[in-house]
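Input: a single structure, listed below in structure tokens.
The values are calculated or read from the model by the stated rules, or taken from the named source; none is laboratory data. Computed from a prediction, not measured in an experiment: that's the story for all the values here. For neighbour counting, all protein chains shown are included, and Cβ atoms are generated from backbone atoms with ideal geometry for every residue, glycine included. For accessibility, only protein heavy atoms count, side chains too; no ligands or nucleic acids. Shrake-Rupley method; radii C 1.70, N 1.55, O 1.52, S 1.80 Å.
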Amino acid sequence: MTDILNFDNISTMIDTLKAIAEDNRFQIIQLLSKKSLCVCEIEEKLNIPQNLVSHHLSVLKKTGLIDDC
């Protein structure tokens, strides 16, 4: 039980929550939960620039919420 509450796990949990708290990243997770999409498809669906989509995908990957296909 104490392992769950150690600093590393809490820090990871906070980083994950911060990642999905951002609206575009939350929307990307929703889109990817339905099917795999390329960056250009996400860009089109969310109407945000490619570099911003790439940044959001990088944050989601770093937190382990998505992986490379």
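Before moving on, here are some points about what is shown:
- Using alpha-carbon coordinates, inclination of helix 7-21 to the longest axis of the chain, degrees: 30 degrees
- Accessible surface of region 5-69, 1.4 Å probe, proportion on carbon and sulfur as whole %: 55 percent
- For region 14-69, the solvent-accessible area with a 1.4 angstrom probe is 70 square angstrom per residue.
- Cα-centred dipole magnitude for region 25-69, charges only on beta-carbon of K, R (+1) and D, E (-1), debye, nearest 20: 160 debye
- Under 12 Å, Cβ to Cβ, from Gln50 - net charge with Lys/Arg +1 and Asp/Glu -1: -3
- Under 13 Å, Cβ to Cβ, from Glu41 - net charge with Lys/Arg +1 and Asp/Glu -1: +1
- Across the chain, the relative contact order, built from alpha-carbon pairs under 8 Å that are at least six residues apart, equals 31 percent.
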